[in-house]
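See structure below.
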Amino acid sequence: MSETIENLFQEERSFPPPEALASRANARPRIHQEAAADPQAFWVEEAKKLQWKQPWDQVLDDSEAPFYRWFVGGTLNVTESCLDRHVAANPDRIAFHWEGEPGDSRSITYGELLAEVCRTANALKKMEVGKGDTVAIYMGMVPEIVVAMLACARIGAAHSVVFGGFSADSLRERIDDCACKAVITQDGSWRRGSVFPLKKNVDDSLIGQQTVKNVLVLRRGENPVDWQEGRDHWWHEVVPEMSDICEPEEMDAEDLLFILYTSGSTGKPKGIVHTCGGYLTGVSSTFRNVFDIKDDDLYWCTADCGWVTGHSYIVYGPLANNATSLIYEGTPDHPQQDRWWKLIEKYGVTILYTAPTAIRTFMKWGESLPGGCDLTSLRLLGSVGEPINPEAWMWYHEHIGQQQCPIVDTWWQTETGSIMITPLPGITTTKPGSATTPYPGIDAHVVDDDGNRVERGHGGILVIDSPWPSMLRGIHGDPERYKEVYWSRFEGTYFPGDGCKIDEDGYLWLLGRIDDVMLISGHNISTTEVESALVDHASVAEAAVVGRADDRTGQAIAAFVVLRGSEVGHDELIVELRKHVANKIGPIAKPASIVFTPDLPKTRSGKIMRRLLKDISEKRKLGDVTTLANADIVEAIRDGATDPAGEDH
């Protein structure tokens, strides 16, 4: 990128917080100013809300930056903050309602959850897993995945959760990188009415593997499995026999809590390291203030525990705040496309936290599906993942929130551990498509290529100037890569790799990865802005754009468009869409070509794989598609892109 990103797309709509919510919001009006005046004091007060065994001697040690240490000398076990203290107060409070894809369900109290965590922790100890060891967890969205994570934390073993859709090779790579001593898995997991064979993938991943000595297997899919005596153990035979008392291991604030591998589409996955004290402080604080959690709320984060959103906002953040959550095992479209809305109606969900990818999919399916269910229990909506298009934001607001629910559009990463940029309900006036302002205590800014802060009304590169408690502590086994990837762009400043613009009100608008910025006739144009303009059209549900090589303009904008409902693509619509983009953000941003497609290639975490679209646009050999959730769509898009409509139409 040669210069600041253009600021093209303008959004004028805004929504003040509802008065009823503002009057009783957890986050009070001066929280941003007080945190800015003394960030360390703010984080100390947040940390004090947890249960510590020993207080810390030093809040922040920056003597070996960028290897920062928080709450130095303090000790705790995160499970005591997440379980024991709540059980002492009210063991019968529901921690999780769980709904299986086939329709089976369970409700689990905090008392029951603690007992199962202790039994599982004792089973791991019997397998000679202990403090300093690492355990791979390869499961679907069953309650036991939460139990497995907390059981590891209970005994001081780090967990490395691997998304249950990853291949045996991907699992093996992660197991080897952190030398796992055990694996916790299932026979199989339910997905769209079929059972996915998890145990087989584990078996395949362990051929010739040296460090794994035991595999604990939950029976769920009832599918046949191979068995290795001495190594493999059925959960239902081992765990129930254990004591439901397991004393928590005393952990230093900087002891390892988990390793989570980023699922990048290129290069070796990075093992992101998070530690106990700072991580729990960050997720506990943000969950309480961003989601405005109350005792009578029923919270549902639709993520998978294989991603950081599941770690932070299904497990650790909600449990630290004594929340009651819903976990759902399956997909949004099984057995019908209204499954999510029926679940909200059934359980009376009050807070929904989901991804823009899902929202745009629901737009494509149509508003009649949520319209057929009672969603009046909802009081707060959240968005996480890629930047949300303003029109997707508005659809979410109108058809899911019925224009009554504030939307917290959150920006953060696996690496940041917890939410970094977000509205605070009750305080922040929101704008469709903007993550608004940094969370209290977070020092985020937009700079140009030379590291100078850009003026309001301009775009550039997002940076974080000061350390924060939940930040990554490194890349497992590779400190030089950690420094190179995150700290070398600007001296002493964290570089997340995202473009961003700041509007006249000081609000931040994330523009996606800097790698996705297109250089069109000398102008740096964000893919996010062009995509937002396309989705602004009434016929479009979802869009992805890439810059393809062009002899005349350097790069030309190639657009891939998913239409709503029964809409059909045709030449006149292409002309209309190009004019629409020109009207919204300027002629420079008109797509040179538009391809209509039934879907977009996405990773299993829901992110659009623009690299593949670029390959298709430039008619190159396709890159790796093994991380795709919908690999078949690539060929369909390529068939449609052999003669993409564009300038001539």
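Here are the numbers for the structure shown:
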| item | result |
| --- | --- |
| Inter-label distance, nm, simple model (7 Å from Cα along the C-beta direction), A582/R192 | 4.0 nm |
| 3J(HN,Hα) from dihedral phi, region 438-444, Karplus parametrisation 6.51/-1.76/1.60, rounded to Hz, x for glycine, proline | x, 4, x, x, 9, 9, 9 |
| Magnitude of the charge dipole, region 422-478, Cβ model with Lys/Arg +1 and Asp/Glu -1, debye to 20 | 340 debye |
| Cβ crowding within 10 Å averaged over residues, with 224-232, 372-380 ranked highest first | 372-380, 224-232 |
| Inverse of mean 1/r across different Cα pairs in region 1-137, Kirkwood, Å | 20.5 Å |
| Mean shadow area of region 112-189, taken as a quarter of the surface of its Cα convex hull (nm²) | 4.8 nm² |
| Residues whose placed amide H lies under 5 Å from that of F163, excluding near-sequence neighbours | none |
| MRE, 222 nm, helices only [DSSP H, n ≥ 4, -39500 (n - 2.57), over the chain, to nearest 500] | -7500 deg cm²/dmol |
| Label-to-label distance, nm, for residues given as D333 and R85 (7 Å Cα→Cβ offset) | 4.4 nm |
| Among I574, G164, L124 the positive-end extreme of the charge dipole of the chain (Cβ point charges) | L124 |
| Lys/Arg +1, Asp/Glu -1 at C-beta; the chain dipole; positive extreme among W340, A22, G73 | W340 |
| Order by protection proxy (mean Cβ within 10 Å, highest first), peptides 274-283, 36-45, 57-66 | 274-283, 36-45, 57-66 |
| Stretch gain in nm, segment T211-I94, where the contour uses 0.36 nm per residue and the Cα spacing is subtracted | 38.4 nm |
| Nonlocal amide H pairs with R69, under 5 Å, H built at 1.01 Å | D61 |
| For region 329-406, the spread of Cα positions along each principal axis, largest first, Å | 28, 23, 23 |
| Antiparallel DSSP beta bridges within the chain, percent to nearest 5 | 60 percent |
| Disulfide-incompatible cysteines by the Cβ rule (no partner under 4.7 Å) in the chain | C82, C152, C178, C180, C276, C301, C305, C373, C405, C500 |
| Under Karplus coefficients 6.51, -1.76 and 1.60, residue-wise ³J(HN,Hα) of region 223-231 in Hz, glycine/proline x | 7, x, 9, 6, 9, 10, 4, x, 9 |
| Mean shadow area of the chain, taken as a quarter of the surface of its Cα convex hull (nm²) | 26.9 nm² |
| Potential lengthening between D478 and K619 on full extension [0.36 nm per residue; Cα-Cα distance subtracted] | 47.2 nm |
| Modelled FRET efficiency - R0 41 Å, D226 with A549, Cβ distances, 0.05 increments | 0.25 |
| Distance (nanometres) between label positions extended 7 Å along Cα→Cβ at D57 and K131 | 1.7 nm |
| Backbone HN-Hα couplings from phi across region 378-384 [Karplus 6.51/-1.76/1.60, Hz, Gly and Pro as x] | 5, 10, 8, 10, x, 10, 8 |
| Distance from region 113-150 to region 154-219 (C-alpha centre basis), Å | 13 Å |
| At most 14 other Cβ within 10 Å, DSSP loop - GluC sites (Glu not before Pro), region 450-528 | E455, E491, E504 |
| Highest average packing first - 211-223, 112-124, Cβ atoms within 10 Å | 112-124, 211-223 |
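Values quoted throughout were computed directly from the atomic coordinates according to the rules given, and no laboratory measurement underlies them. All values derive from a computational prediction rather than experimental measurement. Because the Cβ atoms are built from the backbone with ideal geometry, glycine has one as well, and the counts that use them run over all protein chains shown.
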